[in-house]
Amino acid sequence: MTADIHTLAGAYALDALTDEEQRLFERHLAVCTSCGQEVAEFRRTAALLGAAEDEAPPPSLRAGVLAAVEVTPQARPDSRGAGGLRARVEPLLMPVAASLVLLLLVLSGVVLQQRTRLDQVQTAQQVREEALLAVLTAPDAVRLAMAGDGRQGMVLWSPSAATGVLVARGLDALPAGRAYQLWLMRGGVPAPSAVFTPSPGGEAVVALGSIAQGFEAVAVTIEDARGAAAPSGDMVLAPA
Amino acid sequence: MGQVVRRRAERAGLRALPGGAAPDADALLRRSARGDHAAFAELFDLVVGSVYGLIRRVLRDPAQSEEVAQEVMIEVWRLAPRFDAKRGGARSWIMTIAHRRAVDRVRSEQSARMRDDRAAVAAHQRPADVVAEEVESRMEQARVRTALATLTDLQREAVELAYYGGHTYREVAELLDAPLGTVKTRMRDGLIRLRDELGVGE
(Lines give C-alpha, C1' and ligand atoms only; values in the text may rest on other atoms or scores of the structure.)
Protein backbone atom coordinates (compact mmCIF):
# COMPACT_ATOMS: atom_id res chain seq x y z
CA MET A 1 0.00 0.00 0.00
CA THR A 2 2.68 2.52 0.99
CA ALA A 3 4.67 1.95 -2.19
CA ASP A 4 1.89 3.22 -4.45
CA ILE A 5 0.07 5.51 -2.04
CA HIS A 6 0.52 8.40 -4.52
CA THR A 7 -1.88 6.71 -6.90
CA LEU A 8 -4.66 7.14 -4.31
CA ALA A 9 -4.70 10.89 -5.04
CA GLY A 10 -7.36 10.39 -7.73
CA ALA A 11 -9.66 8.25 -5.62
CA TYR A 12 -9.13 10.63 -2.69
CA ALA A 13 -10.13 13.71 -4.70
CA LEU A 14 -13.27 11.85 -5.83
CA ASP A 15 -14.14 10.92 -2.21
CA ALA A 16 -13.81 7.29 -3.27
CA LEU A 17 -11.71 6.02 -0.36
CA THR A 18 -13.06 4.28 2.72
CA ASP A 19 -12.74 6.26 5.94
CA GLU A 20 -9.71 4.25 7.00
CA GLU A 21 -7.93 4.70 3.67
CA GLN A 22 -8.80 8.37 3.72
CA ARG A 23 -7.12 8.81 7.12
CA LEU A 24 -4.03 7.00 5.84
CA PHE A 25 -3.85 9.11 2.73
CA GLU A 26 -4.35 12.35 4.65
CA ARG A 27 -1.40 11.43 6.84
CA HIS A 28 0.60 10.99 3.64
CA LEU A 29 -0.76 14.27 2.21
CA ALA A 30 0.54 16.19 5.19
CA VAL A 31 4.11 15.33 4.21
CA CYS A 32 3.91 14.98 0.40
CA THR A 33 3.87 18.31 -1.46
CA SER A 34 3.45 16.79 -4.90
CA CYS A 35 0.34 14.87 -3.78
CA GLY A 36 -0.97 18.04 -2.15
CA GLN A 37 -0.61 19.94 -5.41
CA GLU A 38 -2.16 17.09 -7.40
CA VAL A 39 -5.13 16.74 -5.03
CA ALA A 40 -5.82 20.49 -5.20
CA GLU A 41 -5.88 20.32 -9.00
CA PHE A 42 -8.05 17.19 -8.98
CA ARG A 43 -10.48 18.86 -6.58
CA ARG A 44 -10.82 21.81 -8.94
CA THR A 45 -11.31 19.43 -11.83
CA ALA A 46 -13.97 17.49 -9.92
CA ALA A 47 -15.67 20.77 -8.97
CA LEU A 48 -16.11 21.46 -12.70
CA LEU A 49 -17.71 18.03 -13.15
CA GLY A 50 -20.04 18.94 -10.30
CA ALA A 51 -20.83 22.40 -11.65
CA ALA A 52 -21.86 20.83 -14.95
CA GLU A 53 -24.86 19.38 -13.09
CA ASP A 54 -26.27 22.86 -12.37
CA GLU A 55 -29.93 22.68 -11.32
CA ALA A 56 -32.20 25.25 -9.67
CA PRO A 57 -33.15 24.15 -6.15
CA PRO A 58 -36.64 24.50 -4.65
CA PRO A 59 -37.18 28.10 -3.47
CA SER A 60 -37.62 26.91 0.13
CA LEU A 61 -33.90 26.10 0.30
CA ARG A 62 -32.84 29.76 0.20
CA ALA A 63 -35.15 30.85 3.02
CA GLY A 64 -34.19 27.86 5.15
CA VAL A 65 -30.46 28.41 4.78
CA LEU A 66 -30.54 32.17 5.30
CA ALA A 67 -32.71 31.78 8.41
CA ALA A 68 -30.43 29.09 9.85
CA VAL A 69 -27.35 31.16 9.15
CA GLU A 70 -28.77 33.99 11.26
CA VAL A 71 -28.36 31.83 14.35
CA THR A 72 -25.34 29.73 13.34
CA PRO A 73 -22.04 30.84 14.87
CA GLN A 74 -19.00 30.70 12.62
CA ALA A 75 -15.92 28.61 13.27
CA ARG A 76 -12.78 30.39 14.33
CA PRO A 77 -10.13 30.67 11.61
CA ASP A 78 -7.23 29.02 13.35
CA SER A 79 -8.62 25.89 14.94
CA ARG A 80 -8.12 23.64 11.93
CA GLY A 81 -5.10 21.37 12.23
CA ALA A 82 -5.10 21.42 16.01
CA GLY A 83 -7.19 18.26 15.72
CA GLY A 84 -8.74 16.17 18.42
CA LEU A 85 -11.80 16.54 20.58
CA ARG A 86 -10.58 19.61 22.40
CA ALA A 87 -10.17 21.72 19.29
CA ARG A 88 -13.60 20.73 18.09
CA VAL A 89 -15.40 21.43 21.31
CA GLU A 90 -13.67 24.73 21.96
CA PRO A 91 -15.72 26.86 19.55
CA LEU A 92 -18.83 25.70 21.39
CA LEU A 93 -17.42 26.57 24.76
CA MET A 94 -16.14 29.99 23.93
CA PRO A 95 -19.07 32.30 23.29
CA VAL A 96 -21.45 31.75 26.20
CA ALA A 97 -23.04 29.13 28.39
CA ALA A 98 -19.73 27.67 29.49
CA SER A 99 -21.36 26.70 32.77
CA LEU A 100 -24.01 24.71 30.93
CA VAL A 101 -21.37 22.86 28.99
CA LEU A 102 -19.65 22.13 32.25
CA LEU A 103 -22.90 20.76 33.62
CA LEU A 104 -23.24 18.62 30.53
CA LEU A 105 -19.73 17.26 30.90
CA VAL A 106 -20.22 16.57 34.60
CA LEU A 107 -23.52 14.83 34.02
CA SER A 108 -22.11 12.77 31.17
CA GLY A 109 -19.23 11.81 33.47
CA VAL A 110 -21.77 10.68 36.04
CA VAL A 111 -23.49 8.67 33.35
CA LEU A 112 -20.25 6.99 32.40
CA GLN A 113 -19.53 6.03 36.01
CA GLN A 114 -23.00 4.73 36.65
CA ARG A 115 -22.98 2.65 33.52
CA THR A 116 -20.20 0.47 34.77
CA ARG A 117 -22.25 -0.42 37.84
CA LEU A 118 -25.86 -0.57 36.80
CA ASP A 119 -26.31 -2.82 33.82
CA GLN A 120 -30.07 -2.84 34.03
CA VAL A 121 -30.49 0.90 33.43
CA GLN A 122 -27.94 1.03 30.67
CA THR A 123 -30.18 1.49 27.67
CA ALA A 124 -31.50 5.02 28.16
CA GLN A 125 -28.17 6.20 29.51
CA GLN A 126 -26.33 4.56 26.68
CA VAL A 127 -28.48 6.33 24.14
CA ARG A 128 -27.84 9.63 25.88
CA GLU A 129 -24.14 9.04 26.14
CA GLU A 130 -23.83 8.05 22.51
CA ALA A 131 -25.74 11.14 21.45
CA LEU A 132 -23.47 13.28 23.61
CA LEU A 133 -20.35 11.78 22.12
CA ALA A 134 -21.67 12.04 18.58
CA VAL A 135 -22.52 15.71 19.00
CA LEU A 136 -19.47 16.74 21.01
CA THR A 137 -17.07 15.13 18.55
CA ALA A 138 -18.84 16.35 15.40
CA PRO A 139 -16.82 19.01 13.57
CA ASP A 140 -20.01 20.83 12.61
CA ALA A 141 -21.72 20.94 16.01
CA VAL A 142 -23.65 24.13 16.66
CA ARG A 143 -25.18 25.53 19.82
CA LEU A 144 -28.58 27.19 20.15
CA ALA A 145 -29.18 28.95 23.45
CA MET A 146 -32.42 29.48 25.37
CA ALA A 147 -33.25 31.45 28.48
CA GLY A 148 -36.22 32.45 30.61
CA ASP A 149 -36.70 33.77 34.11
CA GLY A 150 -33.69 32.25 35.86
CA ARG A 151 -33.77 29.17 33.64
CA GLN A 152 -31.06 28.37 31.10
CA GLY A 153 -30.94 25.89 28.31
CA MET A 154 -29.23 25.02 25.09
CA VAL A 155 -29.35 22.51 22.32
CA LEU A 156 -26.16 21.20 20.81
CA TRP A 157 -26.71 19.61 17.47
CA SER A 158 -24.72 18.38 14.55
CA PRO A 159 -26.06 18.16 10.99
CA SER A 160 -23.52 15.45 10.15
CA ALA A 161 -24.31 13.35 13.22
CA ALA A 162 -28.02 14.13 12.61
CA THR A 163 -28.63 14.21 16.33
CA GLY A 164 -28.54 16.60 19.22
CA VAL A 165 -28.59 17.00 22.98
CA LEU A 166 -30.65 19.33 25.14
CA VAL A 167 -29.16 20.64 28.37
CA ALA A 168 -31.17 22.79 30.75
CA ARG A 169 -31.23 23.88 34.35
CA GLY A 170 -33.31 25.92 36.75
CA LEU A 171 -36.43 23.98 35.77
CA ASP A 172 -39.23 23.70 38.34
CA ALA A 173 -40.69 20.33 39.29
CA LEU A 174 -44.03 19.76 37.53
CA PRO A 175 -47.30 18.23 38.74
CA ALA A 176 -48.07 14.65 37.74
CA GLY A 177 -49.21 14.33 34.13
CA ARG A 178 -47.24 17.38 32.98
CA ALA A 179 -43.80 17.51 31.33
CA TYR A 180 -41.47 19.86 29.52
CA GLN A 181 -41.38 19.64 25.75
CA LEU A 182 -38.73 20.89 23.34
CA TRP A 183 -39.68 22.50 20.02
CA LEU A 184 -37.44 22.83 16.97
CA MET A 185 -38.27 25.99 15.02
CA ARG A 186 -38.08 25.71 11.25
CA GLY A 187 -38.98 28.88 9.41
CA GLY A 188 -40.75 30.04 12.58
CA VAL A 189 -42.87 26.87 12.75
CA PRO A 190 -42.37 24.71 15.86
CA ALA A 191 -41.87 20.98 15.27
CA PRO A 192 -42.31 18.73 18.32
CA SER A 193 -39.19 17.21 19.83
CA ALA A 194 -38.25 15.55 23.14
CA VAL A 195 -40.64 15.39 26.12
CA PHE A 196 -38.75 15.32 29.41
CA THR A 197 -38.83 15.85 33.16
CA PRO A 198 -35.91 17.44 35.03
CA SER A 199 -33.89 15.88 37.85
CA PRO A 200 -34.84 16.84 41.43
CA GLY A 201 -32.15 19.55 41.12
CA GLY A 202 -34.02 21.06 38.15
CA GLU A 203 -31.48 19.89 35.58
CA ALA A 204 -32.01 17.96 32.35
CA VAL A 205 -29.75 16.33 29.79
CA VAL A 206 -31.82 14.78 27.01
CA ALA A 207 -30.74 12.95 23.86
CA LEU A 208 -32.88 14.21 21.00
CA GLY A 209 -32.79 11.15 18.78
CA SER A 210 -32.53 11.48 15.03
CA ILE A 211 -32.79 15.01 13.64
CA ALA A 212 -32.50 14.82 9.89
CA GLN A 213 -33.51 18.38 9.12
CA GLY A 214 -31.94 21.63 10.26
CA PHE A 215 -33.67 24.19 12.45
CA GLU A 216 -32.89 27.77 13.35
CA ALA A 217 -34.07 28.07 16.96
CA VAL A 218 -35.35 26.04 19.92
CA ALA A 219 -37.87 26.63 22.69
CA VAL A 220 -39.37 24.71 25.62
CA THR A 221 -42.99 24.71 26.85
CA ILE A 222 -44.91 22.79 29.51
CA GLU A 223 -47.28 20.25 27.98
CA ASP A 224 -49.14 17.07 28.75
CA ALA A 225 -46.67 14.35 29.78
CA ARG A 226 -47.64 12.37 26.67
CA GLY A 227 -46.33 15.22 24.51
CA ALA A 228 -48.18 17.58 22.18
CA ALA A 229 -48.24 18.02 18.40
CA ALA A 230 -48.23 21.81 18.73
CA PRO A 231 -47.20 24.00 21.66
CA SER A 232 -50.12 25.02 23.87
CA GLY A 233 -48.38 26.34 26.97
CA ASP A 234 -46.20 29.39 27.62
CA MET A 235 -42.55 29.26 26.65
CA VAL A 236 -40.52 28.56 29.76
CA LEU A 237 -37.35 28.68 27.70
CA ALA A 238 -37.32 31.02 24.71
CA PRO A 239 -34.62 31.47 22.03
CA ALA A 240 -31.89 33.61 23.57
CA MET B 1 -36.96 36.83 16.95
CA GLY B 2 -36.85 40.65 16.99
CA GLN B 3 -33.11 40.40 16.70
CA VAL B 4 -33.40 38.52 13.44
CA VAL B 5 -35.66 41.18 11.96
CA ARG B 6 -33.25 43.91 13.03
CA ARG B 7 -30.33 42.14 11.48
CA ARG B 8 -32.24 41.69 8.25
CA ALA B 9 -32.95 45.40 8.17
CA GLU B 10 -29.28 46.20 8.70
CA ARG B 11 -28.38 43.86 5.93
CA ALA B 12 -30.55 45.65 3.43
CA GLY B 13 -28.22 48.64 3.61
CA LEU B 14 -25.12 46.56 2.96
CA ARG B 15 -25.84 45.38 -0.55
CA ALA B 16 -24.27 48.18 -2.60
CA LEU B 17 -20.83 47.40 -3.94
CA PRO B 18 -18.30 50.03 -5.04
CA GLY B 19 -18.27 50.31 -8.82
CA GLY B 20 -21.15 47.87 -9.13
CA ALA B 21 -18.75 45.10 -10.13
CA ALA B 22 -20.13 41.58 -9.81
CA PRO B 23 -18.10 40.00 -7.00
CA ASP B 24 -16.66 36.55 -7.53
CA ALA B 25 -17.15 33.59 -5.22
CA ASP B 26 -13.75 34.08 -3.58
CA ALA B 27 -14.48 37.69 -2.60
CA LEU B 28 -17.96 36.81 -1.35
CA LEU B 29 -16.67 33.92 0.71
CA ARG B 30 -14.01 36.12 2.28
CA ARG B 31 -16.68 38.66 3.22
CA SER B 32 -18.95 35.88 4.53
CA ALA B 33 -16.04 34.77 6.71
CA ARG B 34 -16.24 38.13 8.47
CA GLY B 35 -19.88 37.55 9.33
CA ASP B 36 -21.31 39.49 6.35
CA HIS B 37 -24.80 38.03 5.83
CA ALA B 38 -25.45 40.03 2.67
CA ALA B 39 -22.30 38.65 1.06
CA PHE B 40 -23.32 35.15 2.07
CA ALA B 41 -26.75 35.59 0.48
CA GLU B 42 -25.03 36.65 -2.77
CA LEU B 43 -22.65 33.73 -2.53
CA PHE B 44 -25.61 31.43 -2.00
CA ASP B 45 -27.27 32.67 -5.20
CA LEU B 46 -24.02 32.31 -7.11
CA VAL B 47 -23.22 28.70 -6.17
CA VAL B 48 -26.46 27.05 -5.08
CA GLY B 49 -27.33 25.77 -8.57
CA SER B 50 -24.06 23.85 -8.79
CA VAL B 51 -24.31 22.64 -5.21
CA TYR B 52 -27.89 21.42 -5.53
CA GLY B 53 -27.31 20.00 -9.01
CA LEU B 54 -24.35 17.91 -7.89
CA ILE B 55 -26.10 16.65 -4.77
CA ARG B 56 -29.18 15.85 -6.84
CA ARG B 57 -27.05 13.90 -9.30
CA VAL B 58 -25.53 11.83 -6.50
CA LEU B 59 -28.60 11.35 -4.31
CA ARG B 60 -31.37 11.54 -6.95
CA ASP B 61 -34.13 12.04 -4.36
CA PRO B 62 -35.21 15.73 -4.42
CA ALA B 63 -36.24 15.96 -0.73
CA GLN B 64 -33.00 14.40 0.51
CA SER B 65 -31.04 16.56 -1.91
CA GLU B 66 -32.61 19.72 -0.54
CA GLU B 67 -31.86 18.61 3.00
CA VAL B 68 -28.21 17.90 2.21
CA ALA B 69 -27.87 21.12 0.18
CA GLN B 70 -29.15 23.02 3.21
CA GLU B 71 -26.58 21.32 5.45
CA VAL B 72 -23.84 22.10 2.95
CA MET B 73 -24.68 25.80 2.65
CA ILE B 74 -24.89 26.19 6.44
CA GLU B 75 -21.53 24.43 6.65
CA VAL B 76 -20.10 26.87 4.10
CA TRP B 77 -21.21 29.75 6.31
CA ARG B 78 -19.89 28.10 9.46
CA LEU B 79 -16.52 27.14 8.04
CA ALA B 80 -16.01 30.25 5.88
CA PRO B 81 -13.40 31.66 8.33
CA ARG B 82 -11.28 28.57 7.67
CA PHE B 83 -11.32 28.87 3.89
CA ASP B 84 -7.76 29.16 2.63
CA ALA B 85 -7.56 30.64 -0.87
CA LYS B 86 -4.03 29.27 -1.25
CA ARG B 87 -5.47 25.75 -1.30
CA GLY B 88 -7.86 26.41 -4.20
CA GLY B 89 -10.76 28.66 -5.10
CA ALA B 90 -13.98 29.18 -3.20
CA ARG B 91 -16.09 27.27 -5.72
CA SER B 92 -13.82 24.27 -5.55
CA TRP B 93 -13.88 24.40 -1.73
CA ILE B 94 -17.68 24.58 -1.66
CA MET B 95 -18.13 21.80 -4.21
CA THR B 96 -15.72 19.61 -2.22
CA ILE B 97 -17.90 20.06 0.88
CA ALA B 98 -21.05 19.39 -1.17
CA HIS B 99 -19.66 16.23 -2.72
CA ARG B 100 -18.39 14.89 0.59
CA ARG B 101 -21.78 15.43 2.23
CA ALA B 102 -23.67 13.85 -0.65
CA VAL B 103 -21.34 10.86 -0.57
CA ASP B 104 -21.70 10.47 3.19
CA ARG B 105 -25.46 10.40 2.77
CA VAL B 106 -25.45 7.98 -0.12
CA ARG B 107 -23.14 5.53 1.64
CA SER B 108 -25.64 5.12 4.42
CA GLU B 109 -27.96 3.60 1.81
CA GLN B 110 -25.27 1.77 -0.05
CA SER B 111 -26.42 -1.78 -0.61
CA ALA B 112 -29.63 -0.88 -2.41
CA ARG B 113 -27.75 1.50 -4.67
CA MET B 114 -25.07 -1.03 -5.52
CA ARG B 115 -27.83 -3.22 -6.94
CA ASP B 116 -29.33 -0.34 -8.93
CA ASP B 117 -26.02 0.74 -10.37
CA ARG B 118 -24.90 -2.75 -11.25
CA ALA B 119 -28.10 -3.09 -13.24
CA ALA B 120 -27.52 0.31 -14.83
CA VAL B 121 -23.96 -0.53 -15.82
CA ALA B 122 -25.06 -3.83 -17.28
CA ALA B 123 -27.98 -2.28 -19.17
CA HIS B 124 -25.95 0.29 -21.08
CA GLN B 125 -22.20 0.52 -20.93
CA ARG B 126 -22.25 4.16 -22.02
CA PRO B 127 -22.36 6.50 -19.03
CA ALA B 128 -21.08 9.37 -21.21
CA ASP B 129 -24.51 9.42 -22.83
CA VAL B 130 -26.12 9.88 -19.46
CA VAL B 131 -23.93 12.88 -18.86
CA ALA B 132 -24.62 14.17 -22.36
CA GLU B 133 -28.36 13.96 -21.76
CA GLU B 134 -28.27 15.84 -18.52
CA VAL B 135 -25.68 18.44 -19.28
CA GLU B 136 -27.12 21.47 -20.99
CA SER B 137 -25.47 23.35 -23.78
CA ARG B 138 -23.84 26.02 -21.67
CA MET B 139 -20.19 26.54 -22.47
CA GLU B 140 -18.77 25.25 -19.23
CA GLN B 141 -20.97 22.18 -19.40
CA ALA B 142 -20.07 21.55 -23.03
CA ARG B 143 -16.40 21.74 -22.11
CA VAL B 144 -16.90 19.13 -19.40
CA ARG B 145 -18.74 16.85 -21.79
CA THR B 146 -16.04 17.22 -24.40
CA ALA B 147 -13.35 16.56 -21.81
CA LEU B 148 -15.13 13.45 -20.54
CA ALA B 149 -15.35 12.18 -24.10
CA THR B 150 -11.56 12.19 -24.37
CA LEU B 151 -11.22 9.60 -21.62
CA THR B 152 -11.03 5.87 -22.24
CA ASP B 153 -14.22 3.99 -21.33
CA LEU B 154 -12.70 2.58 -18.17
CA GLN B 155 -11.32 5.96 -17.06
CA ARG B 156 -14.65 7.65 -17.65
CA GLU B 157 -16.69 4.94 -15.96
CA ALA B 158 -14.37 4.88 -12.97
CA VAL B 159 -14.50 8.67 -12.54
CA GLU B 160 -18.26 8.88 -13.04
CA LEU B 161 -19.20 5.98 -10.77
CA ALA B 162 -17.03 7.45 -8.04
CA TYR B 163 -17.94 11.10 -8.45
CA TYR B 164 -21.56 11.01 -9.57
CA GLY B 165 -22.39 7.61 -8.06
CA GLY B 166 -20.68 8.21 -4.72
CA HIS B 167 -18.98 4.80 -4.80
CA THR B 168 -15.64 3.90 -3.26
CA TYR B 169 -13.01 2.70 -5.72
CA ARG B 170 -13.41 -0.78 -4.28
CA GLU B 171 -17.09 -0.72 -5.18
CA VAL B 172 -16.27 0.69 -8.59
CA ALA B 173 -13.88 -2.22 -9.14
CA GLU B 174 -16.68 -4.60 -8.22
CA LEU B 175 -19.20 -2.84 -10.44
CA LEU B 176 -16.86 -2.80 -13.42
CA ASP B 177 -15.43 -6.22 -12.66
CA ALA B 178 -11.91 -4.77 -12.88
CA PRO B 179 -8.86 -5.22 -10.61
CA LEU B 180 -8.55 -2.74 -7.71
CA GLY B 181 -5.15 -1.44 -8.80
CA THR B 182 -6.43 -0.82 -12.32
CA VAL B 183 -9.44 1.17 -11.10
CA LYS B 184 -7.25 3.21 -8.76
CA THR B 185 -4.85 4.19 -11.52
CA ARG B 186 -7.65 4.77 -14.07
CA MET B 187 -9.27 7.24 -11.69
CA ARG B 188 -6.02 9.14 -11.36
CA ASP B 189 -5.21 8.94 -15.08
CA GLY B 190 -8.75 10.07 -15.88
CA LEU B 191 -8.48 13.06 -13.58
CA ILE B 192 -5.08 14.01 -15.02
CA ARG B 193 -6.59 13.92 -18.50
CA LEU B 194 -9.64 15.95 -17.42
CA ARG B 195 -7.46 18.43 -15.57
CA ASP B 196 -5.37 19.04 -18.70
CA GLU B 197 -8.38 19.13 -21.03
CA LEU B 198 -10.17 21.63 -18.79
CA GLY B 199 -7.07 23.77 -18.32
CA VAL B 200 -7.02 23.37 -14.55
CA GLY B 201 -3.65 23.78 -12.93
CA GLU B 202 -1.71 26.49 -14.70
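Please verify whether the stretch A:147-165 includes one or more residues that are part of a loop (DSSP other than H, G, I, E, B), at pLDDT 85 or above and more than 22 Å from the chain's Cα centre (by Cα). Within the stretch A:147-165 (the criterion being part of a loop (DSSP other than H, G, I, E, B), at pLDDT 85 or above and more than 22 Å from the chain's Cα centre (by Cα)), the answer is no, since none of the residues qualifies. Of these, A:V65, A:V39, which one is within 31 Å of the chain's Cα centre (by Cα), more than 8 Å from chain B (Cβ to nearest Cβ) and crowded, with 22+ Cβ neighbours inside 10 Å? It is A:V39. Considering the stretch A:12-31, the residues that are in contact (Cβ under 8 Å) with a residue 24 or more places away in the chain and at the interface with chain B (Cβ under 9 Å from one of its Cβ atoms) include one that is nearest to A:R43 (Cα to Cα), namely A:A13.
Scanning the stretch B:61-108 for residues that are over 17 Å from A:A46 (Cα atoms) and not in a helix (DSSP H, G or I) yields B:D61, B:F83, B:D84, B:S108. Selection within the stretch B:166-175: residues that are farther than 18 Å from B:S92 by Cα and in contact with a helix residue (DSSP H, G or I) (Cβ under 6 Å, 6 or more places away or on another chain). The member of this set that is nearest to the other protein chains (Cβ to nearest Cβ) is B:Y169.
The set of residues in the stretch B:86-100 being farther than 17 Å from B:R56 by Cβ, touching a Phe, Trp or Tyr at 6+ places or on another chain (Cβ under 8 Å) and either among the small types (G, A, S) or at the interface with another protein chain (Cβ under 7 Å from one of its Cβ atoms) (or both) consists of B:R87, B:A90. Scanning the stretch A:14-50 for residues that are small (G, A, S), farther than 17 Å from B:T185 by Cα and not in a helix (DSSP H, G or I) returns a single hit, A:A30. Regarding the stretch B:185-198, can at least one residue be identified that is in a helix (DSSP H, G or I), buried (at least 21 other Cβ atoms within 10 Å of the Cβ) and more than 9 Å from chain A (Cβ to nearest Cβ)? Checked the stretch B:185-198: no residue is in a helix (DSSP H, G or I), buried (at least 21 other Cβ atoms within 10 Å of the Cβ) and more than 9 Å from chain A (Cβ to nearest Cβ).
The values are calculated or read from the model by the stated rules, or taken from the named source; none is laboratory data. Nothing here was measured: the structure is a model prediction, and the numbers come from that model. Note that we place each Cβ from the backbone using ideal geometry, even for glycine, and neighbour counts take in every protein chain shown.
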